[in-house]
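A.B. asks: Input: one structure, supplied below.
The values are calculated or read from the model by the stated rules, or taken from the named source; none is laboratory data. Values in this document were obtained by computation on a predicted structure and should not be read as measured data. For neighbour counting, all protein chains shown are included, and Cβ atoms are generated from backbone atoms with ideal geometry for every residue, glycine included. Surface areas here come from the heavy atoms of the whole protein model, side chains and all, with no ligands, DNA or RNA. Shrake-Rupley method; radii C 1.70, N 1.55, O 1.52, S 1.80 Å.
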Amino acid sequence: MIAEARDGAQTLLKCLEAGGIEYMFGYSGGAALPIFDALETAGTKIKFVLARHEQGATHMADGYARATGKPAAVLVTSGPGAGNTITGIMTAHMDSIPMIVITGQQVTWMLGKDAFQEADIFGITMPVVKHSYLVKDTDDIPRIAKEAIHIATSGRPGPVLIDMPKNISQGPCNAPLDMPMDLPGYHPEIANVFNQEDVIAIADALNRSQRPLILAGHGAMLAHAGPELKFLAETCQIPVTSTLLGKGIFPESHELSLGMLGMHGTAYANKAVCEADLIMSIGSRFDDRIIGQADKFGRNATIVHIDIDPSEIGKMIRPDLQAIGDAKVILAELNKHVTRLQTQSWLATLNGYKKRFPLGYKKQGGLKMQHVLDVLDTLTKSKAVITTDVGQHQMWAAQFCKTEAPWDWISSGGAGTMGFGFPAAIGAQFGRPGEPVIAVVGDGGFQMTLFELSTAVIHKLPLKILVLNNHYLGMVRQWQELFFDNRKSGVDLEGNPDFVKVAEAYGAKGFQIKRPADIEKILTRALEYNEGPCLINCEVLQEDNVFPMIPAGAALEDMIIEKPKYRMEKPIGST
Amino acid sequence: MKNRTIVTTDTPVPMEIKPPEQPLHTLSVLVNNQPGVLARIAQVFARRGFNIESLVVSPANDGRFSRMTIGARGDAENLDQIKAQCGKLIDVIHCSDHTEDDVVSKELALVKVAVGPDRRAEALQIGEHFGCKTLDLTPDSLILMVTGDTGKLDAMISMMQDFGLIELVRTGKVVMTRGEGLT
Ligand SMILES: Cc1ncc(C[n+]2csc(CCOP(=O)(O)OP(=O)(O)O)c2C)c(N)n1
Ligand SMILES: [Mg+2]
């Protein structure tokens, strides 16, 4: 059989499609022209979505992956187009999100000569990718495409960049579409081979513990370890707390769930960390936002660290016991060696904390973010895909929107990228059509990527944008109030547009909530509106603070439940 | 030709043999022989604030791979992190720390000494003591090549200091595990 003549760009698309890529989010430009043309000529089933900014495109691919567990691709041009993807790539990298980023590039013989729109994106992105390629030979494309998808999705996932010079995408490719990979230094399959003795030692320690605690992180989700985790917690009667990105791996309505821990986690989760005699992290990297002062974290506990990435072991906390490998595989083995533990009194203590320090807010005294989110949670029965931006609204969403299933909670954790929430919701909605997707955003972060309203409107995505509008960069204002004598500097969002009109100008539906009495009525209408995107602007209390709070770098036992009367020291550790 | 006085960064500084604050580690890294790999490795060290003291890169016996021998100073715990993070790079086949292993370790230096006829014999004699080869000889200078472990090179260079060093080029250390074990 004579193969049809194809160029590099067509080859690339065919290979990505064969590798399971269904969606490509991007923005066109000169150096990417051959690849854009191939979208028309290659006969590919890959669906292309035109974003309004390359950063938006990366967050869409990110949101798609976080909602489905499958990678999407990003396609942009060289120079400024490639440059605009950096925040999005970094965001994905920090949170271990698979993504294939294809950047157009100048022709190979002009590289290094400051040619028009040449940027060394291979070099620029090096610290924020799992791996990257600069393609120099058209015939390498099938191998590289296959490797890129394999690397992005296996082991600890992450973004992979493929820089495609124009003469490479335009040149003829004679290589077969299916080529073997050549990755002598990459062996993610060893994640399935764990050290049996490590697991037995963990089981022994667990069986001896009286106050055990499971700390479930994003890695447990990426490993699809939900059923094994639930079996372990229920069999042994161990309480479970999760990180921000671990939300959903264990149902938060479960009686053993303590919700999220850390800086703005629940008081009972943080107290559990302080009092536990064994803390077992499953796929969390002991981020500074959850451990506070590292040398005080779990001082009295045996620390167990289960992670797929050996470089995470001992990076922040030196564990007493460890197991390196896939969380699902390790837990399945661990579950064979554990028994029911006598944790009744431990659980009773924690239930006492739940009663004493519940997550709460007052329904009087103005419209509160917490109240809006609480009602949203009730109306959706905790069964919506929630994406968030970054700030106060994010932390309150984490507290009040209970996550019942994996892949339902989408938030930028490691990078804390403002502008993430709304485009991520667009990607999530593409990945899960027909399911409710709600972007919970602040007035600040939303304005960083709100132009993607065009994208959402054109595709008639029925997502809801809940703008929690406090007219402030609220989280920063909170720190200024607590640690800088309430001197407000660079946080007043004076000049915010009328968001309802903005939505309408883009052709989206707009709703307004101004009083607590409106919440249920308006949210119900918004949730029922499915003809396209809608935006709900909530004029919330301007100056409210998120509690509980552990000041950055402080120990978990120094958590504050409400605003202290005294002036607090400026945080020293971390940021 | 007139006598030239050449001042280099090596010339005026008397060699201070002060005990290093942190132990020197030697990492041997087998990598894909591809552009960009060195940059990726260097970034791992730089991010953690490690100064690379010596670096030798050359093709391995299997031409698809390169061998890097990296000398770096830092506390052991930090170095474990670096090792793990290097090992994570897709282009790294394996990465091992040979600090305490049973290895043979060699380095080579070219030493350009400012020495005229009056003291030449003396300099050559010292050179001979260190097993040096004389690579170049002019009325006012000579280039000696010395090989051996780092301590031997340090000693030879410090002796030559007395005549005046014009230039010094060291290759950096290479190591290989003894016996049949792989480096
Ligand atoms: C791109 C980016 N710039 C700056 C910050 C620092 N930052 C963190 S939260 C925050 C305020 C967010 O304000 P808003 O979006 O209105 O949310 P709110 O806290 O008011 O709910 C800022 C500026 C960030 N996280 N990301
Ligand atoms: Mg705000």
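A.B. asks: Report, ordered by the first and then the second residue, all pairs with beta carbons closer than 8 Å, sequence separation of six or more or different chains, a first member in segment A:476-498 that is outside any helix (DSSP H, G or I), and a second member that is more than 9 Å from ligand 1 (Cβ to nearest atom) and open to solvent by 70 Å² or more (accessible area, probe 1.4 Å).
C.D. replies: A:Phe484/A:Lys570; A:Asp485/A:Arg567
A.B. asks: Give the residue that is surrounded by the fewest Cβ atoms within 10 Å (Cβ to Cβ), with candidates limited to residues of segment A:29-87 that are outside any helix (DSSP H, G or I) and within 16 Å of ligand 1 (Cβ to nearest atom).
C.D. replies: Within segment A:29-87, the match that is surrounded by the fewest Cβ atoms within 10 Å (Cβ to Cβ) is A:Asn84.
A.B. asks: Additional query: Which residues, counting only those in segment A:194-211, are of a type in the set (A, V, I, L, M, F, W, C) and in a helix (DSSP H, G or I)?
C.D. replies: Listed by number, the residues that qualify are A:Val199, A:Ile200, A:Ala201, A:Ile202, A:Ala203, A:Ala205, A:Leu206.
Residue-by-condition table, conditions (1) open to solvent by 40 Å² or more (accessible area, probe 1.4 Å); (2) at pLDDT below 95:
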position	(1), (2)
A:Glu275	yes, no
A:Asp288	yes, yes
A:Ala294	yes, yes
A:Asn300	yes, yes
A:Val304	no, no
A:Glu312	no, no
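A.B. asks: Restricting to segment A:448-474, and then to whatever is within 8 Å of ligand 1 (Cβ to nearest atom) and in a helix (DSSP H, G or I), can you tell me which residue is farthest from A:Glu543 (Cα to Cα)?
C.D. replies: Looking at residues that are within 8 Å of ligand 1 (Cβ to nearest atom) and in a helix (DSSP H, G or I), I get A:Met448.
A.B. asks: Give me the pairs: first residue in segment A:359-371 and at pLDDT below 95, second residue open to solvent by 30 Å² or more (accessible area, probe 1.4 Å) and within 14 Å of ligand 1 (Cβ to nearest atom), beta-carbon distance under 8 Å, and six or more apart or on different chains, which are they?
C.D. replies: The qualifying pairs are A:Gly365/A:Leu541.
A.B. asks: What number of residues within segment A:312-327 are under 22 Å from A:His224 (Cβ atoms) and within 13 Å of chain B (Cβ to nearest Cβ)?
C.D. replies: Matching residues across segment A:312-327 total 4.
A.B. asks: Another question, then. Within segment A:415-431, which residues are open to solvent by 10 Å² or more (accessible area, probe 1.4 Å) and part of a helix (DSSP H, G or I)?
C.D. replies: Within segment A:415-431, A:Phe430, A:Gly431 meet the criteria.
A.B. asks: Something else now. Can A:Thr403 be described as within 16 Å of ligand 1 (Cβ to nearest atom) and either without any contact (Cβ under 8 Å) to a residue 12 or more places away in the chain or among the polar types (S, T, N, Q) (or both)?
C.D. replies: It is false that A:Thr403 is within 16 Å of ligand 1 (Cβ to nearest atom) and either without any contact (Cβ under 8 Å) to a residue 12 or more places away in the chain or among the polar types (S, T, N, Q) (or both).
A.B. asks: Of the conditions (1) more than 14 Å from chain A (Cβ to nearest Cβ); (2) open to solvent by less than 50 Å² (accessible area, probe 1.4 Å), B:Leu30 fails just one. Which one is it?
C.D. replies: Condition not satisfied by B:Leu30: (1).
A.B. asks: So which residues in segment A:435-447 are closer than 23 Å to A:Ala73 by Cβ and away from ligand 1 (no atom under 16 Å from the Cβ)?
C.D. replies: A:Glu435, A:Val437
A.B. asks: Here is a follow-up. Quick test of your reading of the structure: A:Gln170 fulfils all but one of (1) open to solvent by 20 Å² or more (accessible area, probe 1.4 Å); (2) more than 12 Å from chain B (Cβ to nearest Cβ); (3) without any contact (Cβ under 8 Å) to a residue 60 or more places away in the chain. Name the failing condition by number.
C.D. replies: (3)
A.B. asks: Restricting the search to segment A:372-403, which residues are within 16 Å of ligand 2 (Cβ to nearest atom), open to solvent by 20 Å² or more (accessible area, probe 1.4 Å) and assigned to a helix (DSSP H, G or I)?
C.D. replies: A:Met395
A.B. asks: For segment B:43-74, enumerate the residues that are open to solvent by 40 Å² or more (accessible area, probe 1.4 Å) and within 13 Å of chain A (Cβ to nearest Cβ).
C.D. replies: Within segment B:43-74, B:Gln43, B:Ala46, B:Arg47, B:Arg48, B:Asp62, B:Gly63, B:Arg64 qualify.
A.B. asks: Please go through segment A:261-311 and pick out each residue that is within 14 Å of chain B (Cβ to nearest Cβ), over 20 Å from the mean Cα position of the chain (by Cα) and under 17 Å from A:Val240 (Cα atoms).
C.D. replies: The one that is within 14 Å of chain B (Cβ to nearest Cβ), over 20 Å from the mean Cα position of the chain (by Cα) and under 17 Å from A:Val240 (Cα atoms): A:His305.
A.B. asks: May I pose another question? Evaluate the following for A:Leu232: is it open to solvent by less than 10 Å² (accessible area, probe 1.4 Å) and in the same structural domain as A:Leu331 (by TED's automatic domain parsing)?
C.D. replies: Considered against the rule, which asks whether it is open to solvent by less than 10 Å² (accessible area, probe 1.4 Å) and in the same structural domain as A:Leu331 (by TED's automatic domain parsing), A:Leu232 comes out as yes.
A.B. asks: So in segment A:117-150, with the set limited to residues that are polar (S, T, N, Q) and buried (at least 21 other Cβ atoms within 10 Å of the Cβ), which one is farthest from the other protein chains (Cβ to nearest Cβ)?
C.D. replies: Per the stated criteria, the residue is A:Thr138.
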